[in-house]
1. Quick check on the stretch A:251-349: take the gyration tensor over C-alpha atoms, sort the square-rooted eigenvalues as a ≥ b ≥ c, and tell me if it's rounded (a/c under 1.5), prolate or oblate.
2. Give me the base-10 log of I(q)/I(0) for chain A at each q in 0.08, 0.09, 0.10 Å⁻¹, Debye formula, one uniform scatterer per Cα, rounded to two decimals.
3. Taking a ≥ b ≥ c as the square roots of the eigenvalues of the Cα gyration tensor of the stretch A:486-531, is the shape rounded (a/c under 1.5), prolate (a/b larger than b/c) or oblate?
4. Using only the Cα atoms, what convex hull volume per residue in Å³ does the stretch A:310-381 have?
5. How big is the Kirkwood radius of the stretch A:82-196, worked out from every pair of different alpha carbons and given in Å to one decimal?
6. Starting from the coordinates of the alpha-carbon atoms of the stretch A:225-294, obtain the Kirkwood hydrodynamic radius over all distinct pairs and give the value in Å to one decimal.
7. Beyond 20 Å between alpha-carbons counts as too far, so tell me which of A:LYS11/A:LYS227; A:LYS43/A:LYS199; A:LYS251/A:LYS538; A:LYS43/A:LYS132; A:LYS406/A:LYS597; A:LYS199/A:LYS251 fall in that bin.
8. Over the stretch A:449-607, what relative contact order in percent results from Cα pairs under 8 Å that are six or more residues apart?
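Bear in mind that the values in this text are calculations on the coordinates, not laboratory data. Just so you know, these numbers come straight off a predicted model, no measurement behind them. Heads up, the Cβs are rebuilt from the backbone with ideal geometry, glycines too, and the neighbour counts pull from every protein chain shown.
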Amino acid sequence: MSQDQIVIRLKDGTEKTVPKGITISEIASRISAGLARQAVAGKVNGKVIELSRAIEIDSAVEILTLDDDDGLEVYRHTAAHVLAQAVYRLYPETKFAIGPVIENGFYYDFADHAFTLDEFPAIEAEMKAIIKADYPVVRKVITREEALTFFAERNDRFKIEIIQDLSVDQTLTIYSQGEFTDLCRGPHLPSTGRIKAFKLLSLAGAYWRGDANREQLTRIYATAFSKASQLETYLKFLDEMKERDHRRIGKELKLFTLAHEVGAGLPIWLPNGAKVRRAIERYIVDLEESLGYEHVYTPVLGSVELYKISGHWEHYHEDMFPPMRIENEEFVLRPMNCPHHMMVYKSEPRSYRDLPLRIAELGMMHRFEMSGTLAGLQRVRAMTLNDAHLFCTPDQIQAEFSRVIKLIQRVYRDFSITDFSYRLSLRDPANTEKYVANDGMWNKAENMLRQALDDLGLPYTEAEGEAAFYGPKLDVQVKTALGKEETLSTVQLDFHLPERFELEYIGEDGKPHRPVVIHRGIVSTMERMVAFLIENYKGAFPLWLAPIQARILSVTDYQKEYVEEIVDLLRERGVRTEADVRQEKIGYKIRAAQLDKIPYMLVIGAKEMESRQVAVRDRVAGDIGEMALDEFVQKVVAEISARGSGELA
RNA sequence: GCCAGCGUAGCUCAGAUGGUAGAGCAACUGACUUGUAAUCAGUAGGUCGCAGGUUCGAUUCCUGUCGCUGGCUCCA
């Protein structure tokens, strides 16, 4: 092969010999004219680069189109630059921070101009003009000095800080389109005209570099799609997600209420919500007791001294309600149940024969959350956690951990929760003062968790800075109706609290040893769990969780007594039942029951009363015909105890 | 807490470039005794979040404040 030829391997595995220095777009043209038209970028040896970039060595080459996630990312990234250019034209005083691509869109952070929503139409119009002008996007490698000079001239403090923070050997590139130039790693579309559909979505404050102590910038959220129809579909999808919002459904179905007279973040559980919560509480307590957990009750108040021992006072102070002083002693509302459970352990001398000791509680806690973060039942200031602390010997950690994972999997199956992921939450290495100091302990705990996860073969991601102050944890992450990720279940390995509380057990050797504690929450706090379930089920709870499981509808007044008899019978058998004997047409009552998402409606007319039958209507399947009353009772009782996955309406 | 937006009957929403407000559903009353997603008629319900200011006059304009929503920090 001649010196000026190289070999490229394409996505389908075929190899091509091409001239050295060939560009990505030339390769695309050689493959097909259609691909050349659709190409937005290339991927060479795993790295995404512009179509205009040349290849000098043998490489694996992939042509990216908007059907590839990487291609769409390039597209949105260029859209972010178009947004910045439009802002630069309209409000030249604006300074530019960063404009990354995020899931489903992108944003750009600006400073020195106070944006309002009213300006969106003008910005969008300018963006359209920039797209129409079809400016080529030109990449240029520059030196650190050139870059610093350039952005100093533009007076852009953010870009200068970014450049100064990059390592000296980092190659710097700038991208220009028309009169606008931005510091950027790239890659980008060949020209602005390639953008077809975009929309500015919202405005938000965001701290520079995510640090609340630094300048607050204005962030514009936006999205872009390859086709207008896709954008439409996405916007419609956002609207539909809002229909799932637990705050909306919680109001409609009278599950809970929030009143400012009571206080922000302090929810009131209305009868319907309380029924759901009680069903969950019964379920989890029974299940835990069957697995050897021991449930206790402990007070929601605790002496400040208790939290000084635990370390909460030192590390968690700011998240707690301030102390109240009484008879020369200070008390706080507890933000976590762990210290009380430590005292359960300490209530008597322990032997290795007592371990593992699994202390559980539906423990109510209060945390001072900033007002701006509160949201329905999802983020509150008073919450009840499905908490437990497993006290065990070091040898038992592995087995206990895996029992907890199995419990999580069992519970998620019973609740039909399928969309979740595991996250190993680690200490933030850059901010160690947030955590209790003991590097040996941290490393040991992190390694043990990682080992346990690998042994179980669970897929997981790692997240720095998400650990509890006293130790690393495994979190189970789910998504809310608005697409935000949140933690539902958590398992934490703790070598710290046993130390602070000087916990001991007498080992086989007759000597005292220190136990290890595993903190775990399975069904989360009752508040967050119910919020999540409302969204997951769109308010249509499966039978075993539904606040009202059956509603008995009379066709006329004359069936009133039989209806009451059925209600009494079902209630006696533990079925949450109510009557609708209003003087309304049956269609009206059925519609009302459907809107209330009640799993079973029993239609009772003269016929049914005569034959002691019930006409059963299923929330999803509709009219499923008549059956004997006893037969229905058996059916519904069996289905409740089977905890059927429920029809996701 | 910070940035932006919003705040009209129980709920969902109209409305006037300043002359004290409407609809549907829900509620209540009456008639209809009704067969698988809305029977008809009537009644009642709001100092237009709250407090100041401008004005002859404000719910509409201005300021402050409270609440809610989205986001940031935080987080079960």
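1. oblate
2. -0.83, -0.99, -1.11
3. It is prolate, given that a/c is not under 1.5 and a/b is the larger ratio.
4. Dividing the Cα hull volume of the stretch A:310-381 by its residues yields 138 Å³.
5. For the stretch A:82-196, inverting the mean 1/r across all distinct Cα pairs yields 14.9 Å.
6. So the Kirkwood estimate lands at 15.4 Å.
7. Over 20 Å Cα-Cα: A:LYS11/A:LYS227; A:LYS43/A:LYS199; A:LYS43/A:LYS132; A:LYS406/A:LYS597; A:LYS199/A:LYS251.
8. Relative contact order, the stretch A:449-607: 17 percent.
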